[in-house]
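So the structure is just underneath, and the comments pick up after that.
The values are calculated or read from the model by the stated rules, or taken from the named source; none is laboratory data. Source: prediction; values computed, not measured. Because the Cβ atoms are built from the backbone with ideal geometry, glycine has one as well, and the counts that use them run over all protein chains shown. Side chains included, ligands, DNA and RNA excluded: accessible areas come from the protein's heavy atoms. Shrake-Rupley method; radii C 1.70, N 1.55, O 1.52, S 1.80 Å.
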Amino acid sequence: MGKGDEDTWRSRNITRRDFVHGLGLGGTMLAFSTGMTACTSEGPSAANYPPLRTGLRGSHPGSYEAAHDLVEEILSIKPPLETDEQYDLVVVGAGVSGLAAAHYYRQRFGTDSKILLLDNHDDFGGHARRNEFHQGGDTRLAIGGAQYLAHWFFTSTVDALMHDLGVDMELLLAENEFRSGRNGRQGPAIWFDKATYGVNKLVIGCDLAGDIGRDMLTAIDAYPIGEMARAQLKAFYDKRTNVLTGLNPEESRLYLTSTPYTVFLREHGGLNDEAIELFQSSSHAFWGVNISTLSIQEALANGSPGFHLLGEDTTVRPHQAREGFFPDGTASIARLLVRQLIPRVAPNAHAGNIAAAQFNYAELDRTDSPVRLRLNATALNVSRRDKDAVITYAEAGKIKTVSARHCVLACNHSMIPYLCPALPEAQKEAQRYQVKVPLVITNVLLRSGDAMEQLGINGAYCPGRMHANLYMLKGISSGGYSNPMSEPGPVVLTFSGTIAAPAGITDVREGFRQSRKKMLELTFAEYEREIRTVLDGMLGPAGFNGERDILAITVNRWPHGYAYEYRDLYDPEFPKGKAPHYLARRPWGNVAIANADAGASAYLGNAVDQAYRSVQELPAS
Ligand SMILES: Cc1cc2nc3c(=O)[nH]c(=O)nc-3n(C[C@H](O)[C@H](O)[C@H](O)COP(=O)(O)OP(=O)(O)OC[C@H]3O[C@@H](n4cnc5c(N)ncnc54)[C@H](O)[C@@H]3O)c2cc1C
């Protein structure tokens, strides 16, 4: 049982590596040399179609300043008496949870309900974000945030939503030959960079999970690290023992959840600091933190090696659940929801063509539509007056107010104490506890995948760099879009990772705050330099030339990324039903609370479940 008890899925399921991923999931427009602002002579352009925008995306410049001014008390809001518009429901946050809340509201209160969704970004979907590139001639889609459908965790509520949206999970799985960079001809790879390791070196046919066969032991000989560290790594992967011998199940559980993974590596794996350092950022994509902050159990869930020291037979590959992928990640689910709420946005779109469908953003916020989705609109205050909720928001530098019979807050919980200062103090404290995990997903359009092909790799782990993993995003042909592994032409290379908190920070949530600050401070030029350094260093020997071969770069910053999941080494064992998210999500009269934070689990299924619960909690009138 995990720290937050039964409804945090990670803790429920950490027994085997059934969700291991190895290589990880895997202001302004930039001033960039090679024609970054995608547009075709006809149809969508970056001006009217946000997925085409490049440069700093995700939390793009302009999306967070009003909220930060409120938090820093530069801005203080008192709701005015007059309201501009009246709705049945106002939803704050048009991520998957907010969109699903609108869907469930129509189910409960009728499809003629007047609904307004507000979101501070210039695109909908929250983390379910799509990047689209046309620069190389052919359209290439990319995943700007949330990646796959973890269907094996879906509740019946989520299954029913998928059914309503027409998503056929079996078909989605069959249409996917993408394995997060692991299916290169020569298998996975590790790239050691000069700044960290003194030499640029690509070692092929190895990863840190260590379950890819005995050739890997030979590959370790090529790691540019000290001789002792190399010898220890080889001995570690070769060792078979059971350190749990003599412990009963409860003692074993306590050991696995209270012992830092790095201590385990040192004491039972026989690794020195240099060898352990190699693992440090291998948990960035899955947990958004350095491995030194993980317990043994959490690291094993990440796919890190260790089962072979716990008496498990690692010669038998454990069942690996296959993820459901659309070519733009879970953005296709957000699109399907938007299409259902506001059909005129994409009249002919359905699950079978959703990834390829054109969306007309001009239709999102029309006065004659029962459901309206307002982008670039940041909620700043939510109060209650008589039987209404009154929502004050900033849009294009103006402060506006709307009222509604009901309100669902589907935004990150850490924002709610500022939006609703009148909430009970203990509830606001619980919301502040839920600090989201910062992440970066950078998509780079390359003229071709030739250099990767020549090297025989589809991805690599980069232990010394900002983005710990990179992989070619090909082999997902679903939703009416086709991009098989064998397709020539431009290719998207996805870099994923986080900006590690500065050394010396012992509180993991303070680490997230520091990491977020740094992520927002870095300029596009700095992200771009990082990308070029890695690509030139890694692929240069295979004929790659960044000046010629990089066509576009989109940096998706997610300073408020994964929902906070209770951590073995940093959170107490909460009594059943008493973990902070239970208190944080309590309804406040006609204001209910959704978002993935409400279930303390960073998954789409949870965001949907929380949307459903929040709508059922709204008073009938
Ligand atoms: C990089 C990354 C990768 C991920 N990968 C996966 C994956 O592979 N599979 C998976 O299932 N999940 C993944 N997730 C988790 C993802 O968070 C959930 O799946 C889900 O998309 C969360 O939806 P949400 O609506 O709860 O939150 P969000 O997506 O955060 O949406 C909330 C929206 O509310 C907006 N908002 C906040 N405050 C205000 C305000 N004051 N006014 C107006 N709007 C506001 C936010 O900016 C945001 O747009 C990933 C997340 C990230 C960041």
Please go through (1) farther than 23 Å from Ile476 by Cα; (2) assigned to a loop (DSSP other than H, G, I, E, B); (3) out of contact with any Pro (no Cβ under 7 Å at 6 or more places or on another chain) for Asp112 and return the number of the only condition it doesn't satisfy. (3)
The strands (runs of 3 or more DSSP E) lying wholly within the range 329-415 that contain at least 3 residues that are of a type in the set (Val, Ile, Thr) are 388-395, 398-409
In the list Pro318, Pro347, which residue meets the criterion of being at pLDDT below 95 and of a type outside the set (Gly, Ala, Ser)? Pro318
Any residue in the range 132-140 that is farther than 19 Å from Tyr471 by Cα and buried (at least 18 other Cβ atoms within 10 Å of the Cβ)? yes
Do we have any residue at all in the range 151-174 that's open to solvent by less than 10 Å² (accessible area, probe 1.4 Å) and either more than 16 Å from the ligand (Cβ to nearest atom) or in a strand (DSSP E or B) (or both)? no
Of the conditions (1) open to solvent by 10 Å² or more (accessible area, probe 1.4 Å); (2) among the charged types (D, E, K, R); (3) away from the ligand (no atom under 16 Å from the Cβ); (4) in contact with a strand residue (DSSP E or B) (Cβ under 7 Å, 6 or more places away or on another chain), the single one that Asp215 does not satisfy is (4)
Among the residues of the range 552-588, which ones are open to solvent by 10 Å² or more (accessible area, probe 1.4 Å), more than 13 Å from the ligand (Cβ to nearest atom) and in a strand (DSSP E or B)? Trp588
Residues that are at negative phi, more than 30 Å from the chain's Cα centre (by Cα) and at pLDDT 95 or above: does the range 198-215 have at least one? yes
If I ask for residues that are within 13 Å of the ligand (Cβ to nearest atom), within 26 Å of the chain's Cα centre (by Cα) and of a type in the set (Lys, Arg), which ones from the range 395-438 would you list? Lys436
Is it the case, given these coordinates, that Ala542 is among the small types (Gly, Ala, Ser), buried (at least 22 other Cβ atoms within 10 Å of the Cβ) and either modelled with pLDDT of 95 or more or away from the ligand (no atom under 16 Å from the Cβ) (or both)? no
Just to be sure I understand, how many residues within the range 416-438 are touching a helix residue (DSSP H, G or I) at 6+ places or on another chain (Cβ under 7 Å) and assigned to a helix (DSSP H, G or I)? 10
The residue that is farthest from the ligand (Cβ to nearest atom), considering only those in the range 439-468 that are part of a loop (DSSP other than H, G, I, E, B), out of contact with any Leu (no Cβ under 7 Å at 6 or more places or on another chain) and open to solvent by 10 Å² or more (accessible area, probe 1.4 Å), is Ser448
Among the β-branched types (Val, Ile, Thr) and under 30 Å from Tyr105 (Cβ atoms): which single residue out of Val591, Val534, Val491, Val555 fits that description? Val591
For the range 520-531, state whether one or more residues are under 30 Å from Leu256 (Cβ atoms), open to solvent by less than 10 Å² (accessible area, probe 1.4 Å), more than 16 Å from the ligand (Cβ to nearest atom) and modelled with pLDDT of 95 or more. no
Among the residues of the range 589-621, the number that are more than 16 Å from the ligand (Cβ to nearest atom) and either of a type in the set (Ser, Thr, Tyr) or not in a helix (DSSP H, G or I) (or both) is 6
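Conditions (1) touching a Lys or Arg at 6+ places or on another chain (Cβ under 8 Å); (2) farther than 21 Å from Leu202 by Cβ, marked per residue:
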{"position": "Leu445", "(1), (2)": "yes, yes"}
{"position": "Thr498", "(1), (2)": "no, yes"}
{"position": "Ala503", "(1), (2)": "no, yes"}
{"position": "Asp507", "(1), (2)": "no, yes"}
{"position": "Phe524", "(1), (2)": "no, yes"}
{"position": "Leu535", "(1), (2)": "no, no"}
{"position": "Glu547", "(1), (2)": "no, no"}
Picking from Gly35, Gly43, Gly62, Gly24, which residue would you name as being at pLDDT below 65 and open to solvent by 20 Å² or more (accessible area, probe 1.4 Å)? Gly35
Set Tyr49, Tyr87, Tyr104: member being of a type outside the set (S, T, N, Q), at pLDDT 85 or above and either surrounded by fewer than 17 Cβ atoms within 10 Å (Cβ to Cβ) or more than 16 Å from the ligand (Cβ to nearest atom) (or both): Tyr49
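So that you can scan it fast, the table gives a plain yes or no per residue for (1) among the small types (Gly, Ala, Ser); (2) open to solvent by 10 Å² or more (accessible area, probe 1.4 Å); (3) within 16 Å of the ligand (Cβ to nearest atom):
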| position | (1), (2), (3) |
| --- | --- |
| Arg339 | no, yes, no |
| Gly352 | yes, yes, no |
| Ala357 | yes, yes, no |
| Asn360 | no, yes, no |
| Asp365 | no, yes, yes |
| Ala377 | yes, no, yes |
Looking only at the range 393-417, which residues are more than 22 Å from Val96 (Cβ to Cβ) and surrounded by 20 or more Cβ atoms within 10 Å (Cβ to Cβ)? Ala394, Val402, Ser403
Can Gly62 be described as in contact with a Gly (Cβ under 9 Å, 6 or more places away or on another chain), farther than 19 Å from Asp386 by Cα and within 15 Å of the ligand (Cβ to nearest atom)? yes
Let me confirm something: among Asp69, Asp122, which residue is open to solvent by 10 Å² or more (accessible area, probe 1.4 Å), out of contact with any helix residue (DSSP H, G or I) (no Cβ under 9 Å at 6 or more places or on another chain) and either within 16 Å of the ligand (Cβ to nearest atom) or over 19 Å from Tyr562 (Cα atoms) (or both)? Asp69
